[in-house]
Amino acid sequence: MTTDNMFDVLIIGGGVSGMSCALVLGSAKNKTFVTDKKIGIFTHQKNSSLQEAIFYNAYGITPGKLGSELLTESTQHLATTYPHITQISNEKVMKIEGSYPEFTVVTNKNSYQTKNIVVGIGSANTFDIEGLMQFVEPHKKALPEKQRIQLKNEDHKVADGIYVIGTLAGWRSQLAIAAGSGAAVATDILTLWNNGVQTHAHDSTR
C-alpha cells in the first residue's frame, strides 16, 4: 500500500451531492486545519439521475441547462479550481472494510486507505457496497413502488467516519436538496478537522 492511496476523506459518487461536498471541502484549502488534508472523490457518473435531467427550477442554474452538461462541467470545475482534490474516475467501489479512522475502500481496480468516507451514489435498490449493506433501509421519502433505499443515518452520519448524502441519505430527489446535503456534510467534516469548533467555507469579494 503506497501512501499515495491514503486519504483523510474519500467521497463516493460524482453527482450533485458528491461534487458539492468536494467543492466546499476544496474551497477551504487555505484554512490551517485543512492545508495538510488529502481529499479524493470517485467521480463515477454513469448512473447519475442527472443524465436525463433538464433544469428550469434550480437556483443559480441557467434555465434549460442539461444535467448531463452539469456532470461534465462539474468535474472540470473541480479540476481547474481545486486541483489538489484527487479525482478517481472509472472505478466502482465494491467494498468498505475497517472502522474509523482506518477504512479500506476497495474498487474494481484498486484499494485506498481513508479516515472518513462520504457516500453519495443515489438511492436505487441495486446498491451493493459490501460493508454498508447492514445500514440499508427503505427510503422514507420515496414512493414505495419505486423501491428506493437509503442508509440509516442521523443528520447524515451513518457511523463514526461514515457519512451519507443526497437521496441515499433519505432526501427527495431535487438538485438543490442534494447540493445542500453534500455541502452540509462538507462543513461537518471541516468542523471535525477543526477539533469540533463549528466552521464552514465562504468565498468572498473582500
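Here are some notes:
- Hey, S181 of a type in the set (S, T, N, Q), open to solvent by less than 20 Å² (accessible area, probe 1.4 Å) and either within 25 Å of S27 (Cβ to Cβ) or at pLDDT below 95 (or both) or not: yes
- Against the criterion of being out of contact with any Asp or Glu (no Cβ under 8 Å at 6 or more places or on another chain), of a type in the set (S, T, N, Q) and not in a loop (DSSP other than H, G, I, E, B), Q45 does not qualify.
- Residues (of a type in the set (A, V, I, L, M), open to solvent by 30 Å² or more (accessible area, probe 1.4 Å) and in contact (Cβ under 8 Å) with a residue 40 or more places away in the chain) located in segment 44-61: I61
- Yes/no for E130 being modelled with pLDDT of 95 or more, out of contact with any Ser or Thr (no Cβ under 9 Å at 6 or more places or on another chain) and open to solvent by 10 Å² or more (accessible area, probe 1.4 Å): yes
- Tabulated pairs, segment 164-178, first at positive phi, second modelled with pLDDT under 95 and polar (S, T, N, Q), C-beta under 9 angstrom, 6+ apart or interchain: G166/S123; G166/S173; G170/S123
- Which numbered condition S17 misses (of (1) hydroxyl-bearing (S, T, Y); (2) farther than 21 Å from F103 by Cβ; (3) surrounded by 12 or more Cβ atoms within 10 Å (Cβ to Cβ)): (2)
- Just one of (1) at pLDDT below 95; (2) β-branched (V, I, T); (3) open to solvent by less than 50 Å² (accessible area, probe 1.4 Å) fails for I149. It is (1).
- Among the residues listed as S68, S74, the single one being assigned to a helix (DSSP H, G or I), closer than 16 Å to H44 by Cβ and open to solvent by 30 Å² or more (accessible area, probe 1.4 Å): S68
The values are calculated or read from the model by the stated rules, or taken from the named source; none is laboratory data. Keep in mind it's a predicted model, so treat the numbers as computed, not measured. Cβ coordinates were reconstructed from backbone atoms using ideal geometry, including for glycine residues, and neighbour counts include every protein chain displayed. When the accessible area is computed, the model is the full protein with side chains, heavy atoms only, and any ligands, DNA or RNA have been set aside. Shrake-Rupley method; radii C 1.70, N 1.55, O 1.52, S 1.80 Å.
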